[in-house]
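Accompanying notes for the structure given below.
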Amino acid sequence: MEKETTIALLKGRLAEVETRLAAACRRAGRTRAEVTLVAVTKTVSTEVAALLPEMGLFDLGENRPQELWRKAAALPKTVRWHLIGHLQRNKISTTLPLVHLIHSVDSVRLLQALEQEAAKQERNIDVLLEVNASGEESKHGFASKELPDLAPILKGLKQVRVGGLMTMAALQEAEKCRPTFASLRNLAATIPLARRDQKKQIVPQLSMGMSNDFEIAVEEGATLVRLGTVLFEGLGR
Ligand SMILES: *Cc1c(COP(=O)(O)O)cnc(C)c1O
């Protein structure tokens, strides 16, 4: 596809998504600024991903660390990279300097390995805990009932800042995902979050909502939505 054609297509889709996001925010009495749109570029080429910052989209997500490294090397440093998939411990050291937020911390072992590496690299790292809220066996993440037990561990972290929770709802009709999203919001209120700025009120970050269900997620309090298909369907690699 010609670059100009791709840009026109992306602009149209983005405008449509913005309209839907704005409407969902309005229904929930929230402002659009409370929700960050993360464009999930895993299905498109580096060339297509590189068009996004040109269009004003700087929050980009990848689910595989190596693909994130590859695209991060090619795109401008102004991009804020979000890792939204499983992070193997042997990929932590390369990933840390590249990412703005890791959405997908799914074990205590990973949390501790991140803390260790962050100390070594003398940097702070913002993360979310992935919760397997739908309880499907195929999914990564903490079980909802495990979360309260994590409190002492979270309080002991110094350089890893847990700002909230992430989940993937089961693939089903969007309205049926509502209870999953509501339960994540309620869970987030029970965990001790990192206090980055003592003066500011701490709002838990909630990464929830994908192409299929993002409007419901926004109605239920999502602060980050992760959108792939609705933006990139048909663009291929
Ligand atoms: C691929 C992916 C998305 C985007 O999904 P779409 O349904 O294509 O919008 C969101 N979150 C995670 C964790 C993903 O792997």
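Counting residues in the chain as N, plug N into 2.2 N^0.38 Å and put the Cα Rg over that result.
Values: Rg = 17.3 Å, N = 237, 2.2 N^0.38 = 17.6 Å.
Dividing the Cα radius of gyration by 2.2 N^0.38 Å gives 0.99.
In the structure displayed, which of K120/K155; K145/K176; K77/K158 lie more than 23 Å apart, Cα to Cα? In this structure, K77/K158 lie more than 23 Å apart at Cα.
Sorted by average packing, counted as other Cβ atoms within 10 angstrom per residue and highest first, what order do 227-234, 62-69 take? Spell out each step's value before the answer.
On the way: 227-234: 17.0, 62-69: 18.8.
In decreasing order of mean packing, 227-234, 62-69 become 62-69, 227-234.
Geometric descriptor of segment 96-142, per residue, is 67 Å³ (volume of the convex hull of the Cα atoms). With labels modelled as points extended 7 Å from the Cα through the Cβ direction, what inter-label distance (nm, one decimal) is found for N124 paired with T5? Taking the simple label geometry, N124 and T5 are separated by 4.7 nm. If you take the Cα centroid of segment 56-84 and the Cα centroid of segment 94-150, the two points sit 18 Å apart. Using the Cβ-Cβ distance between A151 and E173 with R0 set to 35 Å, the FRET efficiency from 1/(1 + (r/R0)^6) comes to roughly 0.50. Kirkwood radius for segment 68-190, taken over all pairs of different Cα atoms as the inverse mean of 1/r, rounds to 15.3 Å. Remark: segment 21-105 is approximated by an ellipsoid whose semi-axes, taken from the C-alpha gyration tensor as √(5λ), come to 25, 16, 10 Å, largest first. Once Rg and the Kirkwood radius are both taken over the C-alpha atoms of segment 58-101, their ratio Rg/Rh works out to 0.91. At full extension, S183 and A143 could sit 13.2 nm farther apart than now, given 0.36 nm per residue minus the alpha carbon distance.
Please give the peptides 19-32, 153-166 ranked by average Cβ packing (other Cβ atoms within 10 Å per residue), highest first, as a rough proxy for protection. It would help to have the intermediate numbers written out before the result.
Numbers: 19-32: 13.9, 153-166: 18.9.
Most protected by this proxy first, the peptides run 153-166, 19-32.
Cα convex hull, segment 124-204: 100 Å³ per residue, rounded to a whole number.
Relative contact order, percent, of the chain when contacts are C-alpha pairs under 8 Å separated by at least 6 residues? Relative contact order for the chain comes out at 21 percent.
We did not get these values from a lab; they are worked out from the coordinates using the rules stated. Predicted, not measured: the structure shown is a model, and the values here were computed from it. Every residue, glycine as well, gets a Cβ built from its backbone with ideal geometry; the counts of neighbours run over all protein chains shown.
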